[in-house]
Amino acid sequence: MQQNYKISETEWKIMELLWDNPNQTIGDIKTALTDTGWSESTIKTLVRRLVQKGAVKADNSDGHFIYTPMVSSDVCKRKETRNFLSRIYQGSIKMMMANLASESKLTEEETNKLMEIIDKMEGGDKR
């Protein structure tokens, strides 16, 4: 399985469906995603991309394709989180949490505790 996949926002909808209900046909996926308004060809394209990326397996052993996720949601979420942190916050959890904390209604004590946890995660007290 390829490990350098990047799952697009639209592909996430398919992955979420397959994580909740593995072993789906294109028809099953289309029925489950009726609210998106996507055509069957759009769904086929998204599923094909996920298969090419190695995130989904296509099994045609019984005459029709059954699609199953090849990677767990936890693995994808961790990878996406690392990509987000790297792209937006130069890989710093501390920068991201400081930004979120500044926008929240945390008490000073809660903020300090959160920053202690982040310092430990990033390899020591840097404050």
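Working carefully through the options Lys94, Lys105, Lys113, Lys77, find the one that is surrounded by 14 or more Cβ atoms within 10 Å (Cβ to Cβ) and either not in a helix (DSSP H, G or I) or not hydrophobic (A, V, I, L, M, F, W, C) (or both).
After ruling out the rest, the residue left standing is Lys94.
Under the condition of being open to solvent by 50 Å² or more (accessible area, probe 1.4 Å) and over 18 Å from the mean Cα position of the chain (by Cα), which residue from region 40-52 is nearest to Pro69 (Cα to Cα)?
Lys44
Within region 30-51, take every residue that is hydrophobic (A, V, I, L, M, F, W, C) and in a helix (DSSP H, G or I) and give me the one that is farthest from Leu17 (Cα to Cα).
Taking region 30-51 as the starting set, the residues that turn out to be hydrophobic (A, V, I, L, M, F, W, C) are 32-33, 38, 43, 46-47, 50-51.
The next check asks that each one be in a helix (DSSP H, G or I); those that pass are 32, 43, 46-47, 50-51.
Details: Ala32: 8, Ile43: 12, Leu46: 13, Val47: 11, Leu50: 13, Val51: 15 Å.
Looking at the filtered set, the residue picked out is Val51.
State all residues of region 23-39 that are open to solvent by less than 70 Å² (accessible area, probe 1.4 Å) and either among the acidic types (Asp, Glu) or under 12 Å from Met70 (Cβ atoms) (or both); if no residue qualifies, say none. Break it down into steps so the answer makes sense when it comes.
So the first thing to find is which residues in region 23-39 are open to solvent by less than 70 Å² (accessible area, probe 1.4 Å), and the list is 24-29, 32-33, 36-39.
Asp28, the sole residue that qualifies.
Confirm whether Ile118 is modelled with pLDDT of 80 or more, open to solvent by less than 90 Å² (accessible area, probe 1.4 Å) and under 30 Å from Glu16 (Cβ atoms).
It is false that Ile118 is modelled with pLDDT of 80 or more, open to solvent by less than 90 Å² (accessible area, probe 1.4 Å) and under 30 Å from Glu16 (Cβ atoms).
Among (1) more than 14 Å from Glu11 (Cα to Cα); (2) in contact with a Gly (Cβ under 9 Å, 6 or more places away or on another chain); (3) surrounded by 15 or more Cβ atoms within 10 Å (Cβ to Cβ), where does Val71 come up short?
(1)
Quick test of your reading of the structure: Asp28 fulfils all but one of (1) at pLDDT 95 or above; (2) among the acidic types (Asp, Glu); (3) within 30 Å of Met121 (Cα to Cα). Name the failing condition by number.
(3)
Mind counting the residues in region 80-91 that are out of contact with any Lys or Arg (no Cβ under 9 Å at 6 or more places or on another chain) and either outside any helix (DSSP H, G or I) or over 25 Å from Glu9 (Cα atoms) (or both)?
Step one: of region 80-91, the residues out of contact with any Lys or Arg (no Cβ under 9 Å at 6 or more places or on another chain) are 81-82, 84-90.
Then drop every residue that is not either outside any helix (DSSP H, G or I) or over 25 Å from Glu9 (Cα atoms) (or both), which leaves 90.
Going through region 80-91 one residue at a time, the tally reaches 1.
Might you check whether a residue that is modelled with pLDDT under 95, more than 17 Å from the chain's Cα centre (by Cα) and over 30 Å from Lys30 (Cα atoms) occurs anywhere in region 81-89?
yes
Could you please let me know if Ser61 is open to solvent by 70 Å² or more (accessible area, probe 1.4 Å), of a type outside the set (A, V, I, L, M) and without any contact (Cβ under 8 Å) to a residue 12 or more places away in the chain?
yes
Criterion first (free of Cβ contacts under 8 Å to residues at least 24 places away in the same chain, open to solvent by 50 Å² or more (accessible area, probe 1.4 Å) and closer than 23 Å to Lys77 by Cβ) does Asp20 satisfy it?
When the stated conditions are applied, Asp20 passes them.
The values are calculated or read from the model by the stated rules, or taken from the named source; none is laboratory data. All values reported here derive from a predicted model rather than from experimental measurement. Using ideal geometry, Cβ is built from the backbone for each residue, glycine included, and neighbour counts are taken over all protein chains shown. Protein only, heavy atoms only, side chains kept; ligands, DNA and RNA dropped before computing areas. Shrake-Rupley method; radii C 1.70, N 1.55, O 1.52, S 1.80 Å.
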